[in-house]
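Values quoted throughout were computed directly from the atomic coordinates according to the rules given, and no laboratory measurement underlies them. Since the model is a prediction, treat every value here as computed from it, not as a measurement. Using ideal geometry, Cβ is built from the backbone for each residue, glycine included, and neighbour counts are taken over all protein chains shown.
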């Protein structure tokens with residue numbers, strides 16, 4: 001997406017103070033607790049870090065982003081720009097055990113990225129993009145939509161990871177948004193169904209590396225409730241969206257549930273423990289919140305950190 005406008009006012013902060021606030025919020029805020037990392041659990045997150053590599057983040061900003069990422073074994077990141085300077089800057093603030101793999105650039109010049117702890121996870125043999133053959137496009141259709149599927153704006157990025165004997169195929173998505181026009185909504189619904197169909201076919205295939213398939217990322221899903229067309233398309237082939245322990249939106253400025261972790265109850269669902277959204281914006285920049293308007297606060301947060309909150313999920317591995 002186009003970069004957010006840079007805030008027109010001056011504000012600086014001490015990252016040490018903000019890290020203390022983040023850790024306190026994570027530990028003590030009711031409903032916001034994130035489990036500690038464990039050897040017999042896989043703690044994954046998905047986070048759309050707005051325009052990473054485009055917006056002019058400071059060194060302190062990269063420190064805060066890295067602080068949140070290091071709480072997890074793996075983070076699926078959306079909106080990594082083709083210009084990798086932002087991703088490199090975050091990786092430089094993470095412990096050296098963290099690695100990254102990413103796709104090529106597609107719509108909006110974006111890459112899909114996995115940042116992971118290489119001492120906990122190993123990358124499997126299967127890594128690539130979800131790109132249905134044109135001959136399969138005729139099977140990607142939904143009731144009430146005559147519009148044709150013509151491919152993804154940004155191909156979902158799939159990578160297989162193994163942790164303590166648990167092997168899972170993670171599908172990192174950032175689905176098309178466009179606008180609120182009927183045509184763009186239909187295109188988004190078809191992209192969503194294409195992901196759901198691929199995941200269903202993969203988990204049933206006798207040639208699959210694993211039947212554990214998790215689709216996660218920014219689905220641009222307005223509401224995770226029956227009746228929402230994106231929700232219906234995503235769940236139409238059996239994918240399940242667990243109720244988040246926090247029950248808050250992943251979008252900072254709206255009540256939208258854009259970001260999700262979806263899996264099949266009969267396979268990966270047996271390993272699922274819990275999930276939630278972490279509203280870092282409730283912890284950081286407390287003095288900015290007191291001194292300026294809500295609009296100014298949100299403008300600063302979305303430019304220097306992100307307009308999305310990370311969504312996390314925990315799975316058993318042993």
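In deg cm²/dmol and to the nearest 500, what is the mean residue ellipticity at 222 nm of the chain if only DSSP H runs of at least 4 residues count, each as -39500 (n - 2.57), divided by the residue total? Before the final figure, lay out each step's value.
Numbers: 7 runs with 81 residues, N = 318.
That calculation yields -8000 deg cm²/dmol at 222 nm.
Using 0.36 nm per residue of separation minus the Cα-Cα distance, give me the extension gain between residue 295 and residue 23 in nm, one decimal.
95.4 nm
Quick check on segment 256-318: take the gyration tensor over C-alpha atoms, sort the square-rooted eigenvalues as a ≥ b ≥ c, and tell me if it's rounded (a/c under 1.5), prolate or oblate.
Prolate.
So how tilted is helix 294-304 from the main axis of the chain? Cα-based, degrees 0 to 90, rounded to 10.
For helix 294-304, the angle is close to 70 degrees.
Relative to the first principal axis of the alpha-carbon coordinates of the chain, what is the inclination of helix 15-28, with its axis defined by its Cα atoms, in degrees from 0 to 90 and to the nearest 10?
60 degrees
On full extension of the chain, what length is gained from residue 288 through residue 38, given 0.36 nm per residue of separation minus the C-alpha to C-alpha distance? Walk me through the numbers before you get to the answer.
Numbers: separation 250, 0.36 × 250 = 90.00 nm, distance 3.52 nm.
Extra length from residue 288 to residue 38 when fully extended: 86.5 nm.
Taking 7 Å along the Cα-to-C-beta vector as the label spot, tell me the residue 96-residue 8 distance in nanometres, rounded to one decimal.
4.7 nm
Round to a whole angstrom and tell me the spacing of the C-alpha centers of segment 90-150 and segment 201-240.
A separation of 14 Å, based on Cα centres.
When DSSP beta bridges are limited to those with both residues in the chain, what percentage is antiparallel, rounded to the nearest 5?
In the chain, approximately 75 percent of DSSP beta bridges are antiparallel ones.
For the pair residue 85 and residue 16, what calculated FRET efficiency results from E = 1/(1 + (r/R0)^6), where r is the Cβ-Cβ distance and R0 = 22 Å, to the nearest 0.05?
Using R0 = 22 Å, I get an efficiency of 0.35.
Express in nm, to one decimal, how much length is gained between residue 126 and residue 181 on full extension, taking 0.36 nm for each residue of separation and deducting their alpha carbon distance.
Numbers: separation 55, 0.36 × 55 = 19.80 nm, distance 3.66 nm.
Answer, rounded to one decimal: 16.1 nm.
Note down the nm distance, to one decimal, between modelled labels 7 Å out along Cα→Cβ at residue 316 and at residue 59.
If labels sit at residue 316 and residue 59, their model points lie 4.6 nm apart.
Report the per residue volume, in Å³, of the convex hull enclosing the C-alpha atoms of the chain.
So the per-residue Cα hull volume is 129 Å³.
What residue among 218, 104, 180 shows peak mean-square fluctuation when the chain is described by a Gaussian network model with Cα springs under 10 Å?
180
Using only the alpha carbons of segment 203-318, what is the convex hull's orientation-averaged projected area in square nanometres?
9.0 nm²
In the P(r) worked out for segment 134-230, what percent of Cα pairs fall beyond 16 Å? Let's see the in-between values first.
Details: 2768 of 4656 pairs.
Here the long-distance tail beyond 16 Å is 59 percent of all Cα pairs in segment 134-230.
Once the Cα atoms of helix 59-69 and of the chain are each reduced to a long axis, what angle between those two axes, in degrees from 0 to 90 to the nearest 10, is obtained?
That helix lies at roughly 50 degrees to the long axis.
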